[in-house]
Amino acid sequence: MSCGARPVLVLLAAVLLFQTTTALVIRADPDPARFVDPFIGTSNGGHVFPGSTLPYAAVKAVADCASGEDQGGFVSDGTPIRGISPLHDDGTGGGASMGQFKVMPVVCSGDLTTCVTNEPARVVPRVEGSATGSPGYFSIGLENGYTAEVTTTNHAAIHRITVNASIEQPVLLFDLSNDLGHSFQGNGNLDIVTLTSEQQGQKITRLTGGGEWIPSFGIGTYSVYFCLDVPNVHDFAVYEDGTINVGATSLTSGGYANDQLGALLQMTNGTSSFVARIGISWMSTGKACAYAESEIPSITSAGFDTTKTNARATWNDLLTSVEVDSTGVSSDFQTLFWSSLYRSFISPMNLTGDNPLWPESTEPYYDSYYCIWDSFRVVHPLWTIVQPQAQAEVVRAVIDVYRNTGWLPDCRMSTDMGFTQGGSNADNLLSDSYSKGITDGINWQDGYAAVLKDATVESTLWGVQGRGGILSRATLGYIPIADSTDPMSTGSTVGSYRSASRLLEYAYNDFGIALIAQGLGDSDSYHSYINKSMDALNIWNPATESDGFFGFIQPRFHNGSFKNVDPRFCSPVLGHTSCYLNPTGGEFYEASSWQYSFYFPHNMQFIIDSYMGGVATFLDRLDTLFENGYSDIGDEPGFLPTFLYNYGGRPDKTVDRVLTTLYSNFNTNTSGLPGNDDSGAMGSYVVWASLGLFPVAGQNTYLLSTPLFPSITFNNPVTGTKASIIAQNWDGATTNKYVQSAKLNGQPYTKNWINHDIFSKGGVLELTLGSTPSSWGTQPRDLPPSIVTGGF
């Protein structure tokens, strides 16, 4: 959901320092975390979360900025700091998400009653250039004389505050009510008690409580709870709308008019540094305290260092599932690659054991699918080869959402339903994992029932769950504009019908259902859903013309007539910011008809031959999409088209297009993304482009390009097998970038795609590269599967 400003495209400078190599042995880096720059994409609309977290952890801690681009908390724009909070999402394009329970070291002019507690007035300028970070760590200097560090576990964070010698009485402010979006709904409480730690013999001041807020891109409200422990506190107070009560031990907010609520903790005079530990739970303060105590037992500077070391080790354990030979690859490109791989595993977050919605369930629970429309294309296919056990848990969690709510989710955050952007794309997430043999603990009969309900039962709230237009589609073969069955009760935020793009997505969702049906032996449903998967052609208007090409997807009215929509509309050259979830968003979502008219990844050969005038016209049409600026790589529908030349038998053109797209849109600057990171989707695209293959999400197909490392190995943590891609004559894709020939497990291989067997069973794909296009991968038998060729 990329609804923010777009950064200026900057070419990668000195992308690779190349050296020809034919090495077959990977020189694995034991510490790839050293290449991760978490600040890539933290300006100009990238909305990247750059703070401390673990893979799919609940806690994501970072400094929050007083900026209009604070969706991820911190922004590299020089704006002042509001505090450091433990709850965030990564790369969202909607409103700023979460940001509760900020702590902020402040300077008061006298005793605690002189402290400034109102959030807009208390912001503190950052020390410019002081922000640093690495996997599991964040630090920033503040102009008021403090340096704030934070590191994290799955459910807790520990802060270390260094105090300038000029500050005699350090004070830590705790903000109960202000989240990033200022959405506090009341029902907040805060209690203060003094404890003695049995482990360290410390006197600890403990703050517990919680509150209620509204989600950033959905409906409903949510509650979340904290447990903050601070040793060696000299005095404390609570504050409410500017009134400071020294020594008070509690406050309660029934309403939300009083949204400046919190506490002040004064440290012992002359303190040079201090630590604070906070646990977070979505269920209770008791669980928040239990998480903090078990995950960070030592509230000391040494405990901080141990937590930081463990966090880095956890990230390295994940990142080294992918081993690359970096011989001849520049450190800048390694930074781009590893940073992108790192961001691919920040979201969604694992709340297993801390699920307030159906706590009796024994299934995993993941939250912050923000949104599956973004992540099913590249993020979760990457999980299937790097972290298949976690992907199996996500599938189980998604199916359990269906068991407990009646519907698969498309978007969820903060335990609430999020707005549906396009199709019922959990169907694609499930079909992708099913077709790749992800089975661990998954009840696929329940998963099948869930996707069948999406396809057959019309949701009264399709703006947040299920599908709309099912009844009309069954009668007309398409979803008409202003379908009378489209509910508008979810509010004006979902005021666009998106009839054309939703039909295309529903059709591909149905193809995914067909694959699951086929695997489960339901042949009747397989054939039925294969047929349904092509009814999006009912909105193909052969008379629509653009740039000399005829035939584009166009929305239709109930009476069968087409609405003429310029195929360029919603592209970067025309109406680029018009097609979101706004009341006038129209019939296409976040991409143009030019882009969407290529979205038939289950039957591309049929579209090429029967609707696009044959291979030559198809290839010219793809060139025009990119060269005339109609493609938007800053939104997820723009990913797959860069690899579509393979369907036309021109893998060499895929290579050129992917490299041009990568180098002109992604770099290691803070403005190095072409759009919102979208929960790691932009990062995942970089990873796939660097690997030289791309998943056709929802099916067992990977399109081949050219690798940007001499060799790459994936270590499957479930099966213990290894999959390797080796590039002979590799020179960093400067000259030798086109595949001349290939071998799969030692046997000649001519197809310009592979399936998932290499990852699940292990194997070696060896590509011999050269400087000119070749005949490899160009014959009809070499093309990726389509329905019309019997490929599925």
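The values are calculated or read from the model by the stated rules, or taken from the named source; none is laboratory data. Because the structure is predicted, anything quoted here is derived from the model rather than measured. Don't worry about glycine lacking a Cβ; one is built from the backbone with ideal geometry, like all the others, and counts go over all protein chains shown.
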- Message: Looking only at segment 513-537, count every residue that is more than 32 Å from the chain's Cα centre (by Cα) and buried (at least 17 other Cβ atoms within 10 Å of the Cβ) and tell me the total.
- Response: 2
- Query: Is it the case that some residue within segment 329-346 is in contact with a strand residue (DSSP E or B) (Cβ under 6 Å, 6 or more places away or on another chain), in a loop (DSSP other than H, G, I, E, B), closer than 30 Å to residue 415 by Cβ and in contact (Cβ under 8 Å) with a residue 24 or more places away in the chain?
  - Reply: no
- Item | All positions within segment 420-461 that are more than 16 Å from residue 505 (Cα to Cα), among the β-branched types (Val, Ile, Thr) and within 25 Å of the chain's Cα centre (by Cα) | 438, 439, 442
- Query: Are any of the residues in segment 377-393 under 17 Å from residue 718 (Cβ atoms) and either touching a Lys or Arg at 6+ places or on another chain (Cβ under 7 Å) or not in a helix (DSSP H, G or I) (or both)?
  - Reply: yes
- For segment 305-312, indicate whether the set of residues that are assigned to a strand (DSSP E or B) and either at pLDDT 95 or above or closer than 25 Å to residue 191 by Cα (or both) is non-empty. no
- Message: Taking the criterion of being of a type outside the set (D, E, K, R) and in contact with a helix residue (DSSP H, G or I) (Cβ under 7 Å, 6 or more places away or on another chain), would at least one residue in segment 189-205 satisfy it?
- Response: no
- Output the number of the condition that residue 660 fails; it satisfies all remaining conditions of (1) assigned to a loop (DSSP other than H, G, I, E, B); (2) among the β-branched types (Val, Ile, Thr); (3) at pLDDT 95 or above. (1)
- Task: Of the conditions (1) touching a helix residue (DSSP H, G or I) at 6+ places or on another chain (Cβ under 9 Å); (2) outside the structural domain of residue 454 (by TED's automatic domain parsing); (3) not aromatic (Phe, Trp, Tyr), residue 412 clears all except one; give me its number.
- Result: (2)
- Does residue 409 qualify as being closer than 24 Å to residue 503 by Cβ, of a type outside the set (A, V, I, L, M, F, W, C) and assigned to a helix (DSSP H, G or I)? no
- When you scan segment 234-250, how many residues do you find that are in contact with a strand residue (DSSP E or B) (Cβ under 6 Å, 6 or more places away or on another chain) and either surrounded by fewer than 21 Cβ atoms within 10 Å (Cβ to Cβ) or among the charged types (D, E, K, R) (or both)? 9
- Item | Subset tally (residues that are touching a helix residue (DSSP H, G or I) at 6+ places or on another chain (Cβ under 9 Å) and either in the same structural domain as residue 335 (by TED's automatic domain parsing) or part of a loop (DSSP other than H, G, I, E, B) (or both)) for segment 105-160 | 8
- For residue 161, indicate whether it is over 23 Å from residue 241 (Cα atoms), at pLDDT 95 or above and either surrounded by 24 or more Cβ atoms within 10 Å (Cβ to Cβ) or not polar (S, T, N, Q) (or both). yes
- Can you pull out the residues in segment 752-790 that are surrounded by fewer than 17 Cβ atoms within 10 Å (Cβ to Cβ) and not polar (S, T, N, Q)? 757, 761, 770, 780, 781, 788, 790
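Residue-wise test of (1) surrounded by 24 or more Cβ atoms within 10 Å (Cβ to Cβ); (2) modelled with pLDDT of 95 or more.
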{"site": "344", "(1), (2)": "yes, yes"}
{"site": "360", "(1), (2)": "no, yes"}
{"site": "372", "(1), (2)": "yes, yes"}
{"site": "379", "(1), (2)": "yes, yes"}
{"site": "402", "(1), (2)": "no, yes"}
{"site": "405", "(1), (2)": "no, yes"}
{"site": "412", "(1), (2)": "yes, no"}
{"site": "415", "(1), (2)": "no, yes"}
{"site": "445", "(1), (2)": "no, yes"}
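Answer yes if at least one residue in segment 450-460 is assigned to a loop (DSSP other than H, G, I, E, B), charged (D, E, K, R) and surrounded by fewer than 24 Cβ atoms within 10 Å (Cβ to Cβ), and no otherwise.
No, that holds for no residue.
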